[in-house]
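Written below as structure tokens is the structure these notes are about.
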Protein chains: 4
Amino acid sequence: MSLDKIKVGIVGGTGYTGVELLRLLAIHPAIELSAITSRGEAGLPVADMFPSLRGYVDLPFSDPAQADLSGCDVVFFATPNGIAMQQTADLLDKGVRVIDLAADFRIQDVATWEKWYGMKHACPDLIAKAVYGLPEVNREKIRTAQLIANPGCYPTAVQLGFLPLLEAGVIDETLLIADAKSGVSGAGRKAEVSALFAEAGDNFKAYGVAGHRHLPEISQGLAGMANKPVGLTFVPHLTPLIRGIHATLYAKLTKDIDLQHLFESRYIKERFVDVLPKGSHPETRSVRGSNQCRIAVHRPQGGDTVVVLSVIDNLVKGAAGQAVQNMNIMFGLAENTGLEVVPLLP
Amino acid sequence: MSLDKIKVGIVGGTGYTGVELLRLLAIHPAIELSAITSRGEAGLPVADMFPSLRGYVDLPFSDPAQADLSGCDVVFFATPNGIAMQQTADLLDKGVRVIDLAADFRIQDVATWEKWYGMKHACPDLIAKAVYGLPEVNREKIRTAQLIANPGCYPTAVQLGFLPLLEAGVIDETLLIADAKSGVSGAGRKAEVSALFAEAGDNFKAYGVAGHRHLPEISQGLAGMANKPVGLTFVPHLTPLIRGIHATLYAKLTKDIDLQHLFESRYIKERFVDVLPKGSHPETRSVRGSNQCRIAVHRPQGGDTVVVLSVIDNLVKGAAGQAVQNMNIMFGLAENTGLEVVPLLP
Amino acid sequence: MSLDKIKVGIVGGTGYTGVELLRLLAIHPAIELSAITSRGEAGLPVADMFPSLRGYVDLPFSDPAQADLSGCDVVFFATPNGIAMQQTADLLDKGVRVIDLAADFRIQDVATWEKWYGMKHACPDLIAKAVYGLPEVNREKIRTAQLIANPGCYPTAVQLGFLPLLEAGVIDETLLIADAKSGVSGAGRKAEVSALFAEAGDNFKAYGVAGHRHLPEISQGLAGMANKPVGLTFVPHLTPLIRGIHATLYAKLTKDIDLQHLFESRYIKERFVDVLPKGSHPETRSVRGSNQCRIAVHRPQGGDTVVVLSVIDNLVKGAAGQAVQNMNIMFGLAENTGLEVVPLLP
Amino acid sequence: MSLDKIKVGIVGGTGYTGVELLRLLAIHPAIELSAITSRGEAGLPVADMFPSLRGYVDLPFSDPAQADLSGCDVVFFATPNGIAMQQTADLLDKGVRVIDLAADFRIQDVATWEKWYGMKHACPDLIAKAVYGLPEVNREKIRTAQLIANPGCYPTAVQLGFLPLLEAGVIDETLLIADAKSGVSGAGRKAEVSALFAEAGDNFKAYGVAGHRHLPEISQGLAGMANKPVGLTFVPHLTPLIRGIHATLYAKLTKDIDLQHLFESRYIKERFVDVLPKGSHPETRSVRGSNQCRIAVHRPQGGDTVVVLSVIDNLVKGAAGQAVQNMNIMFGLAENTGLEVVPLLP
């Protein structure tokens, strides 16, 4: 182990974002893994729970009550909502940078956060210090951030799809529609009947039409791009995939513009956003296991409705991969370090 | 075999709509199956190709060139587009009623049909005589029809979802969005790479965003309900289901109205349209194998966007089941005869 | 409601065997449903939990503590192991016949049962009175039985596959191998991580190789057929199906015999066992949703190893359908009453 | 491009083994891709057909009739059976080493090959020069081989599972059973009805019980390990996975031996064979996308039947990954070069 390597801690390593972080970090050349905690599985070798990591991760889970993370350079929270906010202040005080993959620091307005997440925020003063970790929007702030709010999966796919249109001011921002479809791993590695194979398999449904927690996060992001409030209808759906989000976005054009050029020029320097050729339909499997977002933009029958198709792997660009991308930026590494994973197709 | 039974012929019995017709007709108490034709499989017992029908269907496929369908009371065409239009006139002349499950008679405007289907229509004069077989709209005309254009799968789910809103005139009909998701059986039982398990499995994509053949069919139907032209954006998607369509519909409300009541009262007498309680999210599996359409209507955050969720089994209410429903109406049977199949869940 | 109808109660209606019983009984012409109990869901309309039953089942779940099942003609237990044995004696005393879909009465040797199921048996005296409900073996006893032990899913597929060979004494009964594959619904509708879509989907594994509870049940049944103890290796696997069991059975032939004829003649009168033509490979989907077992027998390269392929729908012939078949026999109905459901293919 | 890099050609790049080779070679540090041919797609950029490769593979497919592969150091044939045998002699003459992922050189006995593959062999004299590319058996011969017959997918999983037992002579080699289950990608990227999502999805079946082409290949390999002919019953099954093979192997022990120790000691130095702890059940997803084979060995109830569970990714260790492993050995690279891909779980 090199003294130069970034010392990484992971809090909550037994969920899907945790194991995905481990998959990516296992072959990351610039880090060393210091500790992975789990309340329920302390003492168990990580690779006993996830045999896919045999030969790559030798550590056991450690007890969060006893793990000393103060020696880490950066700590990832791959925990349920409400955990990171209790431990972040202490870590920051010790000079440890924090990347929260949950939602604790994503919403700038505390009251909004508390309404949607149904709990009192433990450290509202830290929210303003948190940088929303969407590199395509906040890269410069991320470089020096001590605390990253890693975006949600739906918010990543939806924001990257609307971004060029809103920045350019070419759509009616009061009438946005995001029809999003997610694989079942988005529900997490939790024992819930609704996520059983025999429930979610060979089945398709919408959920949370009345209101989903990602709605205020997306609206906040889109408003930032538009520089004014937006009107958004967001309908998430569960589809029998393991991984993948497909967002189909609809908006009304207010200016006649070369959409293909708009998207290509906006993302030309972005390593992890790939604008497909005109007329394309991105498939979720084309990003399976990778940090890529692939986007196509359409204007059906030449009308004034623009349709954007945006796909990501919810566990990578929608979670662990984006977190590693943020870490790379924070520590001055090439942004794609450890992230050159070719998507698994078929 | 009773002399009173309806004599049924099926042209093209080897595709998914064909075998689905056989599944439903096998236990239909009022029909007898006279002939099933197949160009490629003449002579082969039907149950050799589809072992699920062993014990239910004893007939072999017969050669379409030799089969005499003139003794049938009704003939179903479960053929590719462009076949029925070549044989229908002759059958009608002989007093045989025809139900076409393909698209030959769905579009009233011949030029539109020829543009989208890429061939010359063989009998444009018959188009006007064809009744579009959506019982919830055209029940009375269906009773006496000699020729039924059985609706497409997407068109059924989308039209039933928009119907109450357009009839009541409570939405802006110029800005309709139909985001529809289909199982892979909708692509038919054809050897195509894109429908392989290793291509369509664990994958989600949109297709035909620039234009899909069901667009003019849906637009025609919606315009009939609205009594004026409509503006529709229709985006179909392929989802890793075997059966099922989920249409998510978006429109802008122009009147404040009790949406739940509107939908319930419109469909209260319809055996095969089920309006779910307020706040529901219909699942495709809740109609798997059945002729049911289930619908829920939402108004997220009390705004002026209405969201309708409409699910059907694409092979039943979206094809063979609706065809049987039409036959039942045409022959004065109870509309649900042979169609009381409880959905298969899980 | 006719006074002549069989009054049916179901204890434990919220699992997959429960909802499957309801699917089948909903259109059974000779029964009326008196009560469905659920500890956790008392008061909830059944169709609110299972929308597939809307229009078919109007009852709410009732509280098992308050439900009076003594007026029923027959009660099905669709409960976890260990429940039926606590309530059966009381019901039998009141003249109510009982069909247990769990394992409480399947093993005749109490010590064996207690070892594999890890609990003390509540009514060992009743075990001898229970009839093992495999109609193809015990039809006559079932007619007059007061208590039926409905076979397990794997045991049904495996026993029906070995039955003709063991009865005819043409294989070495000391060296039987049953390699069985089950869909995930076999794990029940329980919130368990291992049955999540993102765990069991796109994945295949064996489990319980050291010993599975169905092993003693199968061995007991096979020994009965062979009239002597058998040596069985049983390896169950989990496959990403919702429904279906495929048992691949291997044995060493001790006599040269026409295997196809042996199987066909043994099952010629059985409505729910279908011996496929020589050279066939039954698919699980060919019995999806139906009470059918389909079997093919092979002798690869003309050697002395016989290979039997046996498929069932684990929730139908492997559970609820076989229970209804048993009920039909017990009450003198045609054995296929309510069970003429054509398999759902595709 | 470094002059030192190994120049690689691929013949037939549009199938699943082709795209999988490209996925692995895209990030292989010691090679450069010179040409990829395709009869049907000449001129098309590879990444247009497989968007997952965008940014990794810039080449178009080239016309096999015009492509000059003589400048390559090694050429992979990812073609249907019968192609490589027509071009190999010419390439070898020019000093190009060849790795055939198809079956042309797998069977040493020409008559056997011609019988099972139904064609005349084009260059029977080359068969003896071909080295069967199972590194765990033939590593030393592979180092200097000019022509590699890359093993089939089933043969890899089955042979690695039986290997320690046969080499140690502890089982009855006349009574081997291999019950193998494969994902659908094993059928290739060919338009065939039986591999459609709506056919192979939610379905499980055996096939080829009377005889499968991999039978003679496996038997040949096992005989080599046992130093005598073996008796093998091989039953392949199709399971609704995209990737993965699970072989469940049965044999009769002839010696009492510590099986766990036998397997661990045999494979202790093998990078790509992982013997799991006693009592384990390997899952196919634990090797998804990786070149790993994971094996567990069981002796149920302490009897004399040994059960081996062996899993691989059919496209990696069962095809393209093993081919790269062979190339690494042939060119003196570390065997795991470019193959340290962490399995994708979930």
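The values are calculated or read from the model by the stated rules, or taken from the named source; none is laboratory data. All of these numbers come straight from a predicted model, not from anything done at the bench. Every residue, glycine as well, gets a Cβ built from its backbone with ideal geometry; the counts of neighbours run over all protein chains shown. When the accessible area is computed, the model is the full protein with side chains, heavy atoms only, and any ligands, DNA or RNA have been set aside. Shrake-Rupley method; radii C 1.70, N 1.55, O 1.52, S 1.80 Å.
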A careful count of residues in segment D:256-270 that are buried (at least 17 other Cβ atoms within 10 Å of the Cβ) and among the charged types (D, E, K, R) gives 2
State whether the residues of segment D:138-160 include one that is of a type in the set (G, A, S) and touching a Pro at 6+ places or on another chain (Cβ under 8 Å). no
Output for segment C:176-198, where each listed residue is farther than 30 Å from C:L253 by Cβ and either open to solvent by 20 Å² or more (accessible area, probe 1.4 Å) or more than 7 Å from chain A (Cβ to nearest Cβ) (or both): C:G183, C:G186, C:A187, C:G188, C:R189, C:K190, C:A191, C:E192, C:V193, C:S194
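Considering only residues that are among the charged types (D, E, K, R), farther than 20 Å from B:C72 by Cα and away from chain C (no Cβ under 11 Å), which ones fall in segment B:12-56? Working first, answer last.
Step one: list which residues in segment B:12-56 are among the charged types (D, E, K, R), which gives B:20, B:23, B:32, B:39, B:41, B:48, B:54.
Adding the requirement that they be farther than 20 Å from B:C72 by Cα leaves B:41, B:48, B:54.
Residue satisfying the conditions is B:E41 alone.
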Residue that is nearest to D:F197 (Cα to Cα), among those in segment B:199-208 that are more than 7 Å from chain D (Cβ to nearest Cβ) and open to solvent by less than 30 Å² (accessible area, probe 1.4 Å): B:E199
Odd one out for C:I148 among (1) open to solvent by less than 20 Å² (accessible area, probe 1.4 Å); (2) within 14 Å of chain A (Cβ to nearest Cβ): (2)
Within segment B:139-180, how many residues are more than 19 Å from B:V306 (Cβ to Cβ) and not hydroxyl-bearing (S, T, Y)? 15
Filter segment D:98-120 for residues that are in contact with a helix residue (DSSP H, G or I) (Cβ under 8 Å, 6 or more places away or on another chain) and over 25 Å from D:Q159 (Cα atoms) and give the result. D:K120
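Are any residues in segment D:252-266 outside any helix (DSSP H, G or I) and without any contact (Cβ under 8 Å) to a residue 24 or more places away in the chain, and if so, which ones?
Taking segment D:252-266 first, the residues outside any helix (DSSP H, G or I) are D:252-258.
Once the filter is applied, which keeps residues that are outside any helix (DSSP H, G or I) and without any contact (Cβ under 8 Å) to a residue 24 or more places away in the chain, segment D:252-266 yields D:D256, D:D258.
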Some residue of segment D:285-293 being touching a Pro at 6+ places or on another chain (Cβ under 8 Å), within 7 Å of another protein chain (Cβ to nearest Cβ) and either open to solvent by 30 Å² or more (accessible area, probe 1.4 Å) or in a helix (DSSP H, G or I) (or both): yes
Can you go through A:L163, A:L134 and tell me which one is within 16 Å of A:Q220 (Cβ to Cβ), touching a helix residue (DSSP H, G or I) at 6+ places or on another chain (Cβ under 6 Å), open to solvent by less than 10 Å² (accessible area, probe 1.4 Å) and touching a residue at least 12 places away in the same chain (Cβ under 8 Å)? A:L163
Which one of these is away from chain B (no Cβ under 14 Å) and in contact with a Ser or Thr (Cβ under 8 Å, 6 or more places away or on another chain): C:G82, C:G71? C:G71
Among the numbered criteria (1) more than 9 Å from every other protein chain (Cβ to nearest Cβ); (2) assigned to a strand (DSSP E or B); (3) of a type in the set (D, E, K, R), which one does A:K269 miss? (2)
With respect to C:D256, is the statement that it is within 19 Å of the chain's Cα centre (by Cα), away from chain A (no Cβ under 14 Å) and farther than 23 Å from B:P240 by Cα true? no
Suppose the filter is open to solvent by less than 10 Å² (accessible area, probe 1.4 Å), facing chain C (nearest Cβ under 9 Å) and not in a helix (DSSP H, G or I); does D:L249 pass it? no
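May I ask you to say which residue of B:V57, B:V46, B:V8 is among the β-branched types (V, I, T) and under 22 Å from the mean Cα position of the chain (by Cα)?
Numbers: B:V57 fails: under 22 Å from the mean Cα position of the chain (by Cα); B:V46 fails: under 22 Å from the mean Cα position of the chain (by Cα).
After ruling out the rest, the residue left standing is B:V8.
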I need the full set of residues from segment A:219-246 which are crowded, with 24+ Cβ neighbours inside 10 Å and more than 13 Å from chain B (Cβ to nearest Cβ), in order please. A:G221, A:L222
Give me the residue from segment C:209-218 that is more than 8 Å from chain D (Cβ to nearest Cβ) and of a type outside the set (A, V, I, L, M) and, out of that set, surrounded by the most Cβ atoms within 10 Å (Cβ to Cβ). C:E217
Sole exception among (1) touching a strand residue (DSSP E or B) at 6+ places or on another chain (Cβ under 7 Å); (2) more than 14 Å from chain A (Cβ to nearest Cβ) for C:E140, by number: (1)
How many of the residues in segment C:320-346 are closer than 16 Å to C:L160 by Cβ and open to solvent by 10 Å² or more (accessible area, probe 1.4 Å)? 1
Total residues in segment A:294-319, condition under 22 Å from A:H214 (Cα atoms), within 9 Å of chain B (Cβ to nearest Cβ) and either part of a loop (DSSP other than H, G, I, E, B) or open to solvent by 20 Å² or more (accessible area, probe 1.4 Å) (or both): 0
Having 3 or more residues that are open to solvent by 10 Å² or more (accessible area, probe 1.4 Å), touching a Lys or Arg at 6+ places or on another chain (Cβ under 6 Å) and basic (K, R) is the bar; report the helices (runs of 4 or more DSSP H) wholly within segment C:1-96 that clear it. none
